[in-house]
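Notes follow the structure.
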2 protein chains.
Amino acid sequence: MALIVQKYGGTSMGSVERIKNVAQRVKRWHDHGHQIVVVVSAMSGETNRLIDLAKQVSAKPDPREYDQMVSTGEQVSIALLAMALKDLGVNAKSMTGGQVAIRTDSSHTKARIQHIDDSQIRSALDANMVVVVAGFQGIDDHGDINTLGRGGSDTTGVALAAALSADECQIYTDVDGVYTTDPRVTPKAKKLAKITFEEMLEMASLGSKVLQIRAVEFAGKYHVPLRVLSSFDEDVDGSFDDTFRQTVGTLITTDEGDTMEQPIISGIAFNRDEAKIVVRGVADRPGIASAIISPVSQANIEIDMILQNLSSNGSTDFSFTVNRGDYDKAMQILQEHLAEIGGKEIVGDNKVVKVSLVGVGMRSHAGVASQMFQTLAENNVNIQMISTSEIKISVVIQEQQLEKAVKALHTAFGLDRDDGESKVAGL
Amino acid sequence: MALIVQKYGGTSMGSVERIKNVAQRVKRWHDHGHQIVVVVSAMSGETNRLIDLAKQVSAKPDPREYDQMVSTGEQVSIALLAMALKDLGVNAKSMTGGQVAIRTDSSHTKARIQHIDDSQIRSALDANMVVVVAGFQGIDDHGDINTLGRGGSDTTGVALAAALSADECQIYTDVDGVYTTDPRVTPKAKKLAKITFEEMLEMASLGSKVLQIRAVEFAGKYHVPLRVLSSFDEDVDGSFDDTFRQTVGTLITTDEGDTMEQPIISGIAFNRDEAKIVVRGVADRPGIASAIISPVSQANIEIDMILQNLSSNGSTDFSFTVNRGDYDKAMQILQEHLAEIGGKEIVGDNKVVKVSLVGVGMRSHAGVASQMFQTLAENNVNIQMISTSEIKISVVIQEQQLEKAVKALHTAFGLDRDDGESKVAGL
């Protein structure tokens, strides 16, 4: 039997009924002899309610007091879940970050975990208790409560799993695993049994918001096997033994497995939230990239892809992408700096998207890029920008061609499921 | 300048606006050089919201988890008040019961304070900070949160004042002090500058619900001067110096002062929530009182006054009072036991009230009772039952005669204010 850390987010804990469902699920695992530590978020809506209160009291709430306050959302959740477990006859105990103790630095609202004392949890587990721990929070050397920032409950789960050397950290969410691509775009998307941390990072940063990036990085660093599964999957009639455990959801792991069987591409990620900006006719001289990008960065606008064409006659075009919400601001800043930069004109397009193939398999397979470009060409999809990393190839294309491109690539790289349409829990 | 512990209840903290008002008031005291520790309750309604949640999850919520959860109400309050204070430029810091640390026993939902570590608070005060402490909660030897039960924030305030040897503990409430009687009954009621703990206990137990009885007992035991004042009194244009401090509201103290100047009667309390039950024609034999009272007590019905008339011909009448809500149940129980008791009949009246004169002065003044009875007789108020203690005389009368009786007694014992009608903040 295994030591399992389970993490349930705000949606899974969103109502009294859902909390009772979580308790039922925890009980099933615990009944089967597993040692269970549960990490929970605040009930959905609760953190926002508290933040609203703080903002009504103060335009700029003091960070220490803000943490003191918002951390109560999780404190309520852990107590409710422990009550529900006890009602089911499961011996359970809730613990705040301070009670564990989860030690953080003192960076209020965005603290980092420094050390976890596992003695309290271990003795509770030894007494056959389920331990319910508040996510998103810890305590610093002054005894002050610090929160880890949004999504911090995933990080708490992974950090606890690492500290306890747990067999795995199960992240319960509203989907039943990680898919080859968004099933809303192609019904042929299929659930992955396994994905590497690096692939997951690429998928997550491209909009497959199943997991917080920080938690995935943390899990990779400390070799904590992460499993993504659904908390709404009510027809689970599994045995809840170790064999069952190792087949549900999607496992995120450092183990790349046998590369012979490893598919070249694990998934297709995309991001609809892109906008492209081109500065035409700039001099091809040292420092030109910095001259263009610096004023944009200084306005706190995040830049994604950057592309500089070959120069002809000493002049070149410089392109980059930003989030759509930053498009107007970025265009305005560049117009103001155009003379200084020495470019001819600035053109942009906020109706573009980015589509990426992700897979550790492409490391050992040449020809992925050419097959991608060929597939897109056959489908009359024009590529506007290209960017590559070791396990990812991204292209920027017209927004209206997104669905067509994803479907074609999904088929071309052998990702389609054999049995017709996908049924995804929670979507 | 003084070290003052101020306590604000749920109504004073009932909204963002009210919290800002509390911050303004705290700032005025602090600006004047006083050292201020503030104890607050949860925002009104919040504790009930949390209890409702717990009851939805579990018919009988686990007490440890219940405390873990409801204690968050105060944690939110302290953070909001500290934020509001910082916004006003006052250096402030919130502390939970655990952070202080306020040590309690492990009697969840009704814990008792055992020890308060004042070192954290003292060093914050030394740094010119206002310390905002969560009422109603503490932490036991296992690091578990325990709540003190309803009204526990008053107790927290008094206990902190005792631990810090504060100059006084100010209890802010919705009235501006303790009155000779309820100003809604007679507009001639006047605010008392001073009252003893014993008198306050008698006033409080009779329905003048300004303070929790437990807090008053605690303050008496540890000689903590308690002051009751209003948190809605917006026209305070006082100097907030020590002279001002010693004149606002009502001081509750162990100091009985010069008995020459001490009025005989401090106030008139009353309780509308009374019902009278008479068992007629019972044998005047040992054990008869127990035979009547035991079955009633066993049904968890609280008995107030008990009266046994002199017997005539070996038979007597036995009377007692209960809360009106328990009247029907008590009557039914006695009917069931009537044969066993050996009484003739049971009669009752749930339209009676109790009126009490309270005053330490009556210890040294004979004739208070006779003056009381004479005044009532002159006003055609019939006395049904009488009960006395060292500092109190209570009578049971017809409900419809309450106002008349209180007004007559108020005048007869020289309690009327000289300047016409009373204006009471918050009533």
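Based on what the data block shows, is A:LYS7 touching a Cys at 6+ places or on another chain (Cβ under 8 Å) and either open to solvent by less than 10 Å² (accessible area, probe 1.4 Å) or assigned by the TED database to the domain that holds A:SER231 (or both)?
Yes, satisfied.
One line per residue, one yes/no per condition, for (1) assigned by the TED database to the domain that holds A:PHE320; (2) open to solvent by less than 60 Å² (accessible area, probe 1.4 Å); (3) not in a loop (DSSP other than H, G, I, E, B):
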| position | (1), (2), (3) |
| --- | --- |
| A:ASN350 | yes, yes, yes |
| A:LEU357 | yes, yes, yes |
| A:MET362 | yes, yes, yes |
| A:GLN371 | yes, no, yes |
| A:ASN380 | yes, no, no |
| A:ILE383 | yes, yes, no |
| A:THR388 | yes, no, yes |
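Condition (residue is part of a loop (DSSP other than H, G, I, E, B), out of contact with any strand residue (DSSP E or B) (no Cβ under 8 Å at 6 or more places or on another chain), hydroxyl-bearing (Ser, Thr, Tyr) and open to solvent by less than 10 Å² (accessible area, probe 1.4 Å)) applied to the stretch B:169-185: is it met by at least one residue?
Of all residues in the stretch B:169-185, those part of a loop (DSSP other than H, G, I, E, B) come to B:174-178, B:180-185.
So of that shortlist, the ones also out of contact with any strand residue (DSSP E or B) (no Cβ under 8 Å at 6 or more places or on another chain) come out as B:183-184.
The next check asks that each one be hydroxyl-bearing (Ser, Thr, Tyr); those that pass are none.
No.
Kindly indicate whether A:GLN120 is open to solvent by 10 Å² or more (accessible area, probe 1.4 Å) and not aliphatic (A, V, I, L, M).
Yes.
Do any residues in the stretch B:57-72 that are more than 7 Å from chain A (Cβ to nearest Cβ) and under 20 Å from A:SER15 (Cβ atoms) have Cβ atoms under 6 Å from those of residues that are open to solvent by 10 Å² or more (accessible area, probe 1.4 Å) and part of a helix (DSSP H, G or I), where the two are at least six apart or on different chains, and which pairs are they?
Filtered contacts from the stretch B:57-72: B:VAL70/B:THR47.
Do you know which of the residues in the stretch B:87-110 that are touching a Lys or Arg at 6+ places or on another chain (Cβ under 9 Å) and at the interface with chain A (Cβ under 9 Å from one of its Cβ atoms) is nearest to A:GLY89 (Cα to Cα)?
B:SER94
Quick one: is B:ALA162 part of a helix (DSSP H, G or I) and either more than 24 Å from B:LYS392 (Cβ to Cβ) or within 14 Å of chain A (Cβ to nearest Cβ) (or both)?
yes
So that you can scan it fast, the table gives a plain yes or no per residue for (1) within 26 Å of B:ALA369 (Cα to Cα); (2) open to solvent by less than 50 Å² (accessible area, probe 1.4 Å); (3) of a type in the set (Phe, Trp, Tyr):
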position	(1), (2), (3)
B:ILE268	yes, yes, no
B:VAL279	no, yes, no
B:VAL296	no, yes, no
B:ASP328	no, no, no
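For the stretch B:36-46, state whether one or more residues are over 19 Å from B:THR72 (Cβ atoms) and touching a strand residue (DSSP E or B) at 6+ places or on another chain (Cβ under 9 Å). Give the steps one after another, and end with the answer.
Step one: filter the stretch B:36-46 for residues over 19 Å from B:THR72 (Cβ atoms), giving B:36-37.
Then drop every residue that is not touching a strand residue (DSSP E or B) at 6+ places or on another chain (Cβ under 9 Å), which leaves B:36-37.
Yes, that holds for at least one residue.
So, in the stretch B:111-122, of the ones that are within 18 Å of A:ASP141 (Cβ to Cβ) and either of a type in the set (Phe, Trp, Tyr) or in contact with a helix residue (DSSP H, G or I) (Cβ under 7 Å, 6 or more places away or on another chain) (or both), which residue ends up farthest from the other protein chains (Cβ to nearest Cβ)?
B:ASP117
Step by step: first the residues of the stretch B:37-77, then only those that are of a type in the set (S, T, N, Q) and assigned to a loop (DSSP other than H, G, I, E, B), then the one that is surrounded by the fewest Cβ atoms within 10 Å (Cβ to Cβ). Which residue is that?
Looking at the filtered set, the residue picked out is B:SER44.
Which residue is surrounded by the fewest Cβ atoms within 10 Å (Cβ to Cβ), if the candidates are limited to the stretch B:83-117 and must be part of a helix (DSSP H, G or I) and in contact with an Asp or Glu (Cβ under 7 Å, 6 or more places away or on another chain)?
B:LYS86
Residues of the stretch B:298-320 being more than 36 Å from the chain's Cα centre (by Cα) and either in a strand (DSSP E or B) or surrounded by 15 or more Cβ atoms within 10 Å (Cβ to Cβ) (or both), which ones?
Selection gives B:SER312, B:SER315, B:THR316.
Of all residues in the stretch B:10-36, which are on the phi > 0 side of the Ramachandran plot and buried (at least 19 other Cβ atoms within 10 Å of the Cβ)? It would help to see each step written out before you state the result.
Going residue by residue through the stretch B:10-36, those that are on the phi > 0 side of the Ramachandran plot are B:33.
Within the stretch B:10-36, none qualify.
If I ask for residues that are farther than 13 Å from B:VAL355 by Cβ, within 27 Å of the chain's Cα centre (by Cα) and not β-branched (Val, Ile, Thr), which ones from the stretch B:370-399 would you list?
If the condition is that a residue be farther than 13 Å from B:VAL355 by Cβ, within 27 Å of the chain's Cα centre (by Cα) and not β-branched (Val, Ile, Thr), then B:SER389, B:GLU390 are the ones that fit.
The values are calculated or read from the model by the stated rules, or taken from the named source; none is laboratory data. Quantities reported herein were computed from a predicted structural model and do not represent experimental measurements. Note that each Cβ is placed from the backbone with ideal geometry, even for glycine, and that neighbours are counted across all protein chains shown. Side chains included, ligands, DNA and RNA excluded: accessible areas come from the protein's heavy atoms. Shrake-Rupley method; radii C 1.70, N 1.55, O 1.52, S 1.80 Å.
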